[in-house]
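To keep things clear, I will list the structure first and then write my remarks on it.
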Amino acid sequence: MRTPPEVSQVDFASAIAEFKRTVGQEWVFTSDADLDLYRDAYSPFLNEPEERIASAAVAPSSTEEVQEVVRIANRFRVPLYAISTGRNLGYGGSAPAYSGCVVVDLKRMNRIIEVNEANAFALVEPGVSYFDLYRYIQEHRLKVWIGCPDPGWGSVIGNAIDRGGGYTTANYRNHFDSHCGMEIVLPSGELLRTGMGAIPKAETWQQYKSGCGPWIDGIFSQSNYGIVTKMGFWLMPQPEAYLRCTVSLPRYKDLGPLVETLNYLENSRITSGFPDIASPLNGYPPIGQLQLWNETGPPALTDEHLKLLASATLGYSANREAYGRRTGIAYWELWLSFHGPMEVVEAQWQATQRRFAAIEGAKFRVVNRVALPIDPTKAEDYHEPELGIPSLRAFSIGARTPWSPTPSKGHMWFSPIIPRTGAAIIEANRVFSAAARDLNMPLFRTFTMPACFWERSFIFILATPVTEDPATNKRYREGFKKLIEVGGQHGWGEYRTAPVFQKTVMDVYSFNNHALQRFHETLKDAIDPNGILSPGRYAIWPKHLREKQS
Amino acid sequence: MDRREFCVSGAVAVAGIMAAHAQPTPVPAWRSGSAPPDALYKVIFDVRFAASQAFGLAAASVGRVTTGIRGDVTSLWLNDLQRQWALSRAGIAGMTTMHSFFCLQQLAKDHWMRAIVCAEHRQQGAAADAQRVARIVGIQAAGRAPTLDPQLVSWVIAA
Ligand SMILES: Cc1cc2nc3c(=O)[nH]c(=O)nc-3n(C[C@H](O)[C@H](O)[C@H](O)COP(=O)(O)OP(=O)(O)OC[C@H]3O[C@@H](n4cnc5c(N)ncnc54)[C@H](O)[C@@H]3O)c2cc1C
């Protein structure tokens with residue numbers, strides 16, 4: 001049997017025996033074959049000694065069982081690592097941040113406790129996936145939408161507390177922001193409810209977020225202060241119509257006005273669907289079209305266009321712009337979507353066009369004008385998550401095809417937050433493409449567009465490949481860390497990262513001699529004095545490991 | 001180490017990393033490929049590839065239930081496997097692209113099921129494992145060896 005570091009074999013055997021008594025023999029896993037299932041399929045340390053792996057896994061089926069598992073772990077000082085569905089691919093998978101932890105696998109806790117159509121909210125357990133919630137809503141014919149990330153197999157809770165994002169309207173696609181109320185097993189085993197859930201008879205747990213007094217929900221995301229066993233989410237009332245349109249702009253210098261206009265429209269809620277900025281002239285697709293490109297190949301480019309792509313710097317050359325104007329290929333193409341009653345979305349689109357018409361040469365196109373709900377057999381014609389439909393089509397990213405003959409084994413998402421301006425997009429391209437060139441990392445083809453998951457900022461997201469060659473992976477890991485540091489020098493920090501990089505990322509958040517990090521540690525020591533819960537997650541180490549790990 | 005080797009020897013690698021004492025896991029007899037399993041629920045093929053289609057047809061001809069996909073496994077999961085695996089952890093086999101297999105392998109983890117054979121056709125030496133898959137499905141008993149296509153993987157997922 002594997003054992004966690006700093007736990008004796010005798011103590012571990014006793015802990016395992018008690019876990020078995022608590023959750024049932026068949027829900028405690030110690031064989032190598034079973035524990036292999038908890039390895040991170042995208043680990044940048046795959047098969048290397050530093051790969052993070054579990055010493056055991058335990059799968060409780062209720063909050064009470066989670067509480068008891070935590071108490072046992074405290075008695076034997078066994079480190080735990082909680083996962084919901086454990087599909088955090090690109091950000092660590094289901095592997096613990098600290099090798100040797102016992103994974104607390106919550107996928108058996110998959111009850112949908114409530115879906116309230118009248119006030120559009122849900123209360124779920126951690127094992128509930130987007131597929132599960134979607135199926136429940138469909139089967140009960142409820143007129144609400146979920147906001148889901150590209151892979152629909154993830155956990156509604158797991159994704160939200162890792163602060164993931166989706167593709168519907170602004171206030172629903174930020175999954176942590178759209179939560180309302182949490183239930184948490186603290187490292188002591190005590191049970192806590194936040195917001196209105198702290199009032200025993202409240203019916204408003206999922207209806208008012210902050211309750212009264214300090215609002216603490218945020219500290220249970222991207223942290224190791226508790227195991228979340230229930231969480232409420234606001235759902236989107238099923239819209240009557242969906243309108244998807246593009247705004248095309250012909251000149252390089254239009255990027256700044258594009259972003260400014262988008263910001264005004266989005267911050268005013270005139271447009272609120274996922275904005276997606278592409279650059280047809282730079283051969284850069286909108287995220288929403290990526291899966292289609294992966295499935296059927298990117299649009300064919302002329303030889304002249306291909307030659308121009310090879311030549312420009314920072315996505316610009318006068319020749320390229322002239323070519324675009326001659327052939328009608330836009331420099332920038334903003335994909336916008338509107339959800340609501342048809343007359344409202346049409347009016348929003350009108351107002352959007354009026355605003356963008358101030359930019360010379362702006363062209364407008366309606367891509368889809370759809371009455372909802374759509375015929376499910378037609379869902380494939382769309383980027384499903386934009387319609388609140390979970391899917392796995394995004395994994396065509398890994399397909400071996402004539403246009404992608406050597407797909408990577410996986411990837412690590414490099415995803416710094418940058419300001420929402422055109423200038424920042426160009427600056428991020430300048431800084432990161434130079435760094436990637438120096439580091440010999442194949443991250444840039446021509447010019448990279450940021451993703452608009454969040455309001456008011458961009459994520460400049462780059463997929464760093466994981467390969468089958470340890471030497472290459474080592475180079476990419478080191479390069480990835482360098483990119484984090486380079487970003488930090490420009491005031492850009494990751495919104496989320498895999499355990500391998502969490503320390504480097506958190507080091508960037510260094511204001512006032514790392515006051516934030518020290519505060520996290522103060523909390524950790526107070527809440528989890530034995531340091532049993534997810535040690536090292538987001539570089540928050542318990543006291544007894546802090547020095548060794550820093 | 002390549003992906004195919006990883007499929008087979010991942011457990012060994014981890015054992016090395018953790019200096020672990022391996023625990024014997026009970027292995028159903030059919031996993032050795034000596035006899036087709038009754039517990040094999042379904043055979044998956046990808047309609048876009050001739051070799052895979054032939055594999056699906058061959059599987060159907062020996063009485064296997066088959067499902068054709070086009071890369072994406074969403075519908076197969078939502079409308080079939082999710083319910084099936086909630087009832088019983090029945091094995092599945094297939095000849096698909098790596099990314100379809102990857103998704104099914106990840107989904108199988110929900111039920112503590114895993115890939116027990118995975119032969120990436122483009123890798124040297126894949127033929128033997130691909131034949132093992134064919135044997136497990138029962139195709140070889142009917143005298144048909146699978147055609148290999150470098151874009152595809154032959155695999156079996158089971159508890
Ligand atoms: C091709 C591809 C596309 C992707 N697209 C997106 C996307 O569009 N949006 C997006 O957000 N992500 C995306 N991802 C990343 C990731 O796959 C998803 O975010 C996924 O939903 C996360 O896994 P999960 O939901 O199973 O969460 P889990 O893996 O269960 O949880 C994530 C982490 O949160 C912590 N945690 C989980 N549950 C608990 C709990 N109950 N209590 C305490 N701590 C807990 C753990 O530390 C865990 O490691 C993508 C990945 C790939 C490979």
Above 21 angstrom, tally the Cα pairs of segment B:37-136 and express them as a % of all pairs, no decimals.
28 percent
Over its Cα atoms, what ratio of radius of gyration to 2.2 N^0.38 Å does segment B:109-159 give?
1.17
Between A:Gln489 and A:Arg437, what FRET efficiency comes out of the Förster formula 1/(1 + (r/R0)^6) with R0 = 25 Å and r the beta carbon distance, rounded to 0.05?
0.90
Which residues does the label zone of A:Arg326 cover in segment A:283-308, counting backbone N under 11 Å from a point 7 Å along Cα→Cβ?
A:304-305
Which value does Rg/Rh take for segment A:411-498 over its C-alpha atoms, Rh per Kirkwood?
0.95
Too long at a 24 Å Cα-Cα cut-off: which of A:Lys378/B:Lys42; A:Lys481/A:Lys548; A:Lys474/B:Lys109; A:Lys482/A:Lys503; A:Lys230/B:Lys109; A:Lys378/B:Lys109?
A:Lys378/B:Lys42; A:Lys474/B:Lys109; A:Lys378/B:Lys109
How crowded by other chains is B:65-77, given as the mean number of beta carbons from other chains within 10 Å of each beta carbon?
4
How long is the gain from B:Ala145 to B:Gln53 if the chain were fully straight, where each residue apart is worth 0.36 nm and the alpha carbon distance is subtracted?
31.8 nm
Whole-percent tail of the Cα-Cα distance distribution for segment A:241-372, cut at 23 Å, equals 35 percent
Helix A:9-23 sits at what angle to the longest principal axis of chain A, using alpha carbons and giving 0 to 90 degrees rounded to 10?
80 degrees
Points 7 angstrom from Cα along the Cβ direction at A:Phe364 and A:Leu545: gap in nanometres?
5.6 nm
If the only charges are +1 at each Lys and Arg Cβ and -1 at each Asp and Glu Cβ, what is the size of the charge dipole of the protein assembly as shown around the Cα centre, to the nearest 20 debye?
640 debye
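Chains B and A: buried accessible surface, both sides, probe 1.4 Å, rounded to 100 Å²?
Buried area between the two chains comes out at roughly 3900 Å².
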Within straight-line cross-link reach of A:Lys253, lysines at Cα separation under 17 Å, skipping those fewer than 8 residues along the same chain:
A:Lys363
Helix-only [θ] at 222 nm, the protein assembly as shown, -39500 (n - 2.57) per DSSP H run of 4+, per residue, nearest 500, equals -10500 deg cm²/dmol
Can you give the average number of partner chain beta-carbon atoms within 10 Å of each beta-carbon in peptide A:393-402, as a whole number?
5
Roughly how many Å² is the accessible area per residue of the protein assembly as shown, as a whole number, for a 1.4 Å probe?
39 Å²
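I need the semi-axes of the equivalent ellipsoid of the protein assembly as shown: take the C-alpha gyration tensor, multiply each eigenvalue by 5, square-root it, list largest first in whole angstrom.
38, 33, 26
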Find the relative contact order for chain A and round it to a whole percent, using C-alpha pairs within less than 8 Å whose residues are 6+ positions apart.
17 percent
With Cα coordinates, the longest principal axis of chain A makes an angle with the long axis of helix A:318-327, in degrees rounded to 10, of 70 degrees
Separation in nanometres of the label points that stand 7 Å from Cα toward Cβ, at A:Ile374 and A:Val344:
2.0 nm
Counting only other residues whose beta carbon sits under 10 Å from that of A:Leu392, what net charge do I get with K and R as +1, D and E as -1?
-2
Considering the options B:Gly138, B:Phe55, B:Thr74, tell which one lies farthest towards the positive end of the dipole of segment B:32-158, charges being +1 on Lys and Arg and -1 on Asp and Glu at the Cβ, about the Cα centre.
B:Gly138
More than 16 angstrom separation, counting every C-alpha pair in segment A:9-107; what % is that?
52 percent
Potential lengthening between A:Gln25 and A:Asn267 on full extension [0.36 nm per residue; Cα-Cα distance subtracted]
81.8 nm
Pair A:Arg430, A:Asp11: separation of 7 Å Cα→Cβ label points (nm)
5.5 nm
Share antiparallel - DSSP beta bridges, segment B:32-158, percent rounded to 5:
60 percent
Cα-centred dipole magnitude for segment A:112-237, charges only on beta-carbon of K, R (+1) and D, E (-1), debye, nearest 20:
200 debye
Would you list, by chain and number, the aspartates and glutamates whose Cα falls below 20 Å from the Cα of A:Lys209, excluding same-chain residues fewer than 8 positions away?
A:Glu114, A:Glu117, A:Glu125, A:Asp162, A:Asp177, A:Glu183, A:Asp217, A:Glu455
Relative to the compact-globule scaling 2.2 N^0.38 Å, provide the ratio for the alpha-carbon radius of gyration of segment A:112-237.
0.99
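The values are calculated or read from the model by the stated rules, or taken from the named source; none is laboratory data. Keep in mind that what you see is a predicted model, and the values were worked out from it rather than measured. Glycine gets a Cβ as well: all are built from the backbone with ideal geometry, and neighbour counts include every protein chain shown. These accessible areas exclude ligands, DNA and RNA; they are computed on the full protein's heavy atoms, side chains included. Shrake-Rupley method; radii C 1.70, N 1.55, O 1.52, S 1.80 Å.
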